[in-house]
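Have a look at the structure below before the remarks.
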Protein chains: 2
Amino acid sequence: MKLQVTQENLSKALGHVSRVANSRGTLPILSNVLLKTVDNRLSIAATNLDIAITHYIGSKVAIEGAITVPARLMQDFVSSLPSGVIDLSLKENKLHISTDKYQSIINGVTAEDFPVMPAIAGGKQWKIAGKTLKTGLQQVVVAASSDEARPLLTGVLVHSHEGGLYIVATDSYRLAEKRLDTTKQEVSLLIPANALQDLLRILGDEDSDVVVTHDDQQVLFKVGDVELVTRLIEGKYPDYRKLIPKTFASSAILKRVDFVNITKVSSLFARESAGSVTINLETEPAQVSIRSIASQIGENTASANAEVTGDGVITLNSRYILDALNALNGDEATISFNGKLEPCLITDAKAKDYTHVIMPLKS
Amino acid sequence: MKLQVTQENLSKALGHVSRVANSRGTLPILSNVLLKTVDNRLSIAATNLDIAITHYIGSKVAIEGAITVPARLMQDFVSSLPSGVIDLSLKENKLHISTDKYQSIINGVTAEDFPVMPAIAGGKQWKIAGKTLKTGLQQVVVAASSDEARPLLTGVLVHSHEGGLYIVATDSYRLAEKRLDTTKQEVSLLIPANALQDLLRILGDEDSDVVVTHDDQQVLFKVGDVELVTRLIEGKYPDYRKLIPKTFASSAILKRVDFVNITKVSSLFARESAGSVTINLETEPAQVSIRSIASQIGENTASANAEVTGDGVITLNSRYILDALNALNGDEATISFNGKLEPCLITDAKAKDYTHVIMPLKS
């Protein structure tokens, strides 16, 4: 193997793929990245056996070849080099990396030992705008569970329903759903949330379409020169739609920044009670007030002007309120519920394509 | 106690003093801040018995008084409030804090239990420009030891010598000295480095003179409306001047940013050897090159153009080189030494008031 690449391209590619390489696993080679010439390009790939990311960059290839090297060292090293051309050449599993002023040798492990993700055979394929997917993921992934004992809920469901393409996640305490787009496809993919966190990082600097290809076991996202493959989670996702209330006894519209501030301040006095705060919708005066009490340290009441329809009280986890409010993009938020035992809805006051549901706490 | 302050002033004062309050100590009240009316001002104070910081802010005082409240809660709470006027009033050791939209009660502990630092009696007093002190501290504190088993070296020495005021720190592996100013005083203060870290934070936004008052046990720094008192370390500081070489067999001048870059890259290959890298000063071609070898992972050589006087080789800890280079302010750095067993000097190529010495490693 003998080739030239630019420091900028190689550093960016290593940044995208290296996070997947894991040095704490049982298989040491998984902490390496695979470098491999493919026609006149260099592919840089890493995998943790669940997720694989491959980034292709332009390259002047003199001799074809492949090698794996430690991901973290390679990333730290290349990102420290000055911008410009880098020469890579392989001599007996040692990767020689050189520029004008820097000469380095990194000991590699033969590429033959590197695991390959199975190919997606005869699957479906569709496209979605990168920006739409990115916004949707940012709004929804937060509600997925990190509890590996409930694998279904560590996934994010991308599915079609009555001509719409939806993305949804729930950890059973809260639920977030976004209508992404229209679709004519029949889609139902349960994708690990951590794979979508990696996808979000890749989407960070791409504004073009994302090509999605999937079969029953895997899904492939192609974003420009980057490909992310992940296994799908098997099993039947809960029928979440019946959890989302449609009519409400109490509802308030207020400035999102006000809602964030009064929740943050109240949460300081809710540390003893695991974040529990009590929200009061009042029509006279028209305001939303949040109250929290900590027997040891003190108590707090904070309020904000609001348009209120129907007085009501509900107790929620303040962290979940903040997560929901951070997922909204508009200036005004709506909070709506039916009594203190029913699910509480937090939405944007104007955009109706995003729904965030929080289950109440006992008060 | 009943008074009004602005959120901006109170939040800034709590930011300055709260870091000293420690919730992990044996004396619970030390995790509190003391709020106390003093004429038409409010003093906000915290102490860990070694260091005490007091910040005075303007206040409309209706009823005099004092109370202590948990520092972290108070700081988090006040910094979350909107800017504007805050009402504080005390009812039976409960501090009521209110604004238009926020009402809070924080349970306090009587101010009588709060420890008071002894006053400085009949000490010396002198002034120094805040900016001069700040730059000097930033350049020198890094070399102080954090090893409590060697208390002398956890201090920073501020002392007069032949009409100059100097500040110096060493952990016995490296030493940093800065000439701050001229002085007619006889000064010799050994000040805990962590107290000076706190002073640096306070100096962050002050450009005026700092008034320094000291007796044999304590030193007081007065920066605008903030006072920091710290105990002094007892004992005789080592006679460090004899460690600083005056003439050199090998010396090189190079761009500081180049020196930083080649050191950083080399340090990646020096993890196995605890940061040890070998520096080569060469006259033909005129360059400084740094070499590091890790038997497991590989090796690296990085070089930069330099003006070199006298070839030479020395092995140093790469972290210490980076600390020294970060402490310089100019564009060009000088490295000088006498063979590989003698102390190595790193200085600015132009400014001669700052000296950084690093002891070599065995190679």
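Quick notes
- Some residue of region B:303-310 being under 29 Å from the mean Cα position of the chain (by Cα) and not aliphatic (A, V, I, L, M): no
- Selection within region A:55-81: residues that are assigned to a strand (DSSP E or B) and either within 12 Å of chain B (Cβ to nearest Cβ) or in contact with a helix residue (DSSP H, G or I) (Cβ under 7 Å, 6 or more places away or on another chain) (or both). The member of this set that is farthest from A:Glu112 (Cα to Cα) is A:Gly58.
- Pick from region B:29-54, criterion free of Cβ contacts under 8 Å to residues at least 40 places away in the same chain and not in a strand (DSSP E or B), ranking: nearest to B:Val229 (Cα to Cα): B:Asn48
- Checked against the criterion of being open to solvent by less than 30 Å² (accessible area, probe 1.4 Å) and either polar (S, T, N, Q) or within 18 Å of A:Thr347 (Cα to Cα) (or both), the candidates A:Asn280, A:Asn305, A:Asn317 yield just one match: A:Asn317.
- Flag for B:Thr154 being over 30 Å from B:Asn32 (Cβ atoms), touching a strand residue (DSSP E or B) at 6+ places or on another chain (Cβ under 9 Å) and touching a residue at least 12 places away in the same chain (Cβ under 8 Å): no
- Among (1) closer than 30 Å to A:Lys101 by Cβ; (2) more than 14 Å from every other protein chain (Cβ to nearest Cβ); (3) crowded, with 17+ Cβ neighbours inside 10 Å, the one test that B:Val210 misses: (1)
- Failed item, numbered, when B:Ala129 is tested on (1) aliphatic (A, V, I, L, M); (2) under 25 Å from B:Thr47 (Cα atoms); (3) in the same structural domain as B:Asn194 (by TED's automatic domain parsing): (2)
- If you go through region B:82-105 and keep only what is more than 7 Å from every other protein chain (Cβ to nearest Cβ), under 12 Å from A:Asn300 (Cα atoms) and either surrounded by 18 or more Cβ atoms within 10 Å (Cβ to Cβ) or among the small types (Gly, Ala, Ser) (or both), you end up with B:Leu95, B:Ile97, B:Ser98.
- Spans of strands (runs of 3 or more DSSP E) in region A:253-363 with at least 2 residues within 14 Å of another protein chain (Cβ to nearest Cβ): A:276-283, A:286-294, A:298-305
- Restricting attention to region A:159-176, the residues that are open to solvent by 10 Å² or more (accessible area, probe 1.4 Å) and of a type in the set (A, V, I, L, M) total 0.
- Per-region count, region B:106-147, residues within 13 Å of the chain's Cα centre (by Cα), open to solvent by 30 Å² or more (accessible area, probe 1.4 Å) and either within 14 Å of chain A (Cβ to nearest Cβ) or not hydrophobic (A, V, I, L, M, F, W, C) (or both): 4
- Positions within region B:213-232 being open to solvent by 20 Å² or more (accessible area, probe 1.4 Å), free of Cβ contacts under 8 Å to residues at least 40 places away in the same chain and either more than 18 Å from B:Arg19 (Cα to Cα) or of a type in the set (Phe, Trp, Tyr) (or both), in sequence order: B:Asp216, B:Gly224
- Every residue from region A:69-127 that is of a type in the set (S, T, N, Q) and farther than 21 Å from A:Pro28 by Cα: A:Ser79, A:Ser80, A:Ser83, A:Ser89, A:Ser98, A:Thr99, A:Gln103, A:Ser104, A:Gln125
- Just one of (1) crowded, with 22+ Cβ neighbours inside 10 Å; (2) more than 26 Å from the chain's Cα centre (by Cα) fails for A:Ala46. It is (2).
- Test set (1) assigned to a helix (DSSP H, G or I); (2) not assigned by TED's automatic domain parsing to the domain that holds A:Arg201 - A:Ala119 fails condition number: (1)
- Count of residues meeting criterion [surrounded by 18 or more Cβ atoms within 10 Å (Cβ to Cβ) and either β-branched (Val, Ile, Thr) or farther than 19 Å from B:Ser80 by Cβ (or both)] in region B:1-31: 7
- Where a residue in region B:179-198 is free of Cβ contacts under 8 Å to residues at least 60 places away in the same chain and its partner, wherever it lies, is among the aromatic types (Phe, Trp, Tyr) and assigned to a strand (DSSP E or B), with Cβ under 6 Å and at least six apart: none
- Only residues that are over 18 Å from the mean Cα position of the chain (by Cα) and either β-branched (Val, Ile, Thr) or more than 13 Å from A:Asp50 (Cβ to Cβ) (or both) were counted across region A:13-37, and they come to 14.
- Hits in region B:320-347 (condition: of a type outside the set (A, V, I, L, M, F, W, C) and in contact with a Ser or Thr (Cβ under 7 Å, 6 or more places away or on another chain)): B:Thr334, B:Ser336, B:Lys340, B:Thr347
- Scanning region A:72-117 for residues that are in contact with a strand residue (DSSP E or B) (Cβ under 8 Å, 6 or more places away or on another chain), of a type in the set (Asp, Glu) and within 23 Å of A:Ala52 (Cα to Cα) gives a single hit, A:Asp113.
The values are calculated or read from the model by the stated rules, or taken from the named source; none is laboratory data. Since we're looking at a predicted model, the values are computed, not measured. Positions of Cβ are generated from backbone atoms using ideal geometry, with glycine treated the same way; all protein chains shown enter the neighbour counts. Only protein heavy atoms, including side chains, enter the accessible area calculation; ligands, DNA and RNA are left aside. Shrake-Rupley method; radii C 1.70, N 1.55, O 1.52, S 1.80 Å.
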